[in-house]
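Colleague: Encoded as structure tokens, here's the structure I'll be asking about.
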Amino acid sequence: METVILAVDGMSCAACVRGVEQALNGCAGVAQVSVDLAAGKAKVQFDPQQTDAAQLAAAVEAAGFDAAVAD
């Protein structure tokens, strides 16, 4: 398993958090998702043989938010 932190812009409420969680949990290989609304970040634990950070960010963007791998 690997862990990535995504910076997520555009979240403003609990419904946004749920949307990001659902988008990430819908990706193959995702084991655990933790979204922090105040920090604007999502921590994702995933199987690198099934997905990667770019695909996870793309899933969040498809849900209507801006996402990038955090430094």
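The values are calculated or read from the model by the stated rules, or taken from the named source; none is laboratory data. All figures in this text were calculated on a predicted structure; none of them were measured in a lab. All Cβ positions, even for glycine, are placed from backbone atoms using ideal geometry, and neighbour counts span all protein chains on display. Note: areas computed on protein heavy atoms with side chains; ligands, DNA, RNA excluded. Shrake-Rupley method; radii C 1.70, N 1.55, O 1.52, S 1.80 Å.
Colleague: Please work out the FRET efficiency for the pair Thr3 and Ala68, using the Cβ-Cβ distance as r and a Förster radius of 22 Å; give the result to the nearest 0.05.
Modeller: In this case the efficiency is close to 0.90.
Colleague: Please turn the phi angles of the stretch 42-48 into ³J(HN,Hα) values with the Karplus equation 6.51 cos²θ - 1.76 cosθ + 1.60 (θ = phi - 60°), one per residue in order, whole Hz, x for glycine and proline.
Modeller: For the stretch 42-48, the Karplus curve yields 10, 9, 10, 9, 8, 8, x Hz.
Colleague: Right, something else. What is the chain's relative contact order, in percent, from Cα pairs under 8 angstrom and six or more apart in sequence?
Modeller: Once divided by the residue count of the chain, the mean separation gives 43 percent.
Colleague: Let me ask another. Relative to the longest principal Cα axis of the chain, at what angle does helix 53-62 sit, 0 to 90 degrees, rounded to 10?
Modeller: Its long axis makes an angle of about 40 degrees.
Colleague: If you average over every viewing direction, what projected area does the convex hull of the Cα atoms of the stretch 2-70 give, in nm²?
Modeller: So the Cα hull casts an average projection of 3.6 nm².
Colleague: Per residue, how much accessible area does the chain have with a 1.4 Å probe, in Å²?
Modeller: Accessible area per residue: 56 Å².
Colleague: Follow-up. Share of the chain's accessible area from carbon and sulfur, percent, 1.4 Å?
Modeller: 45
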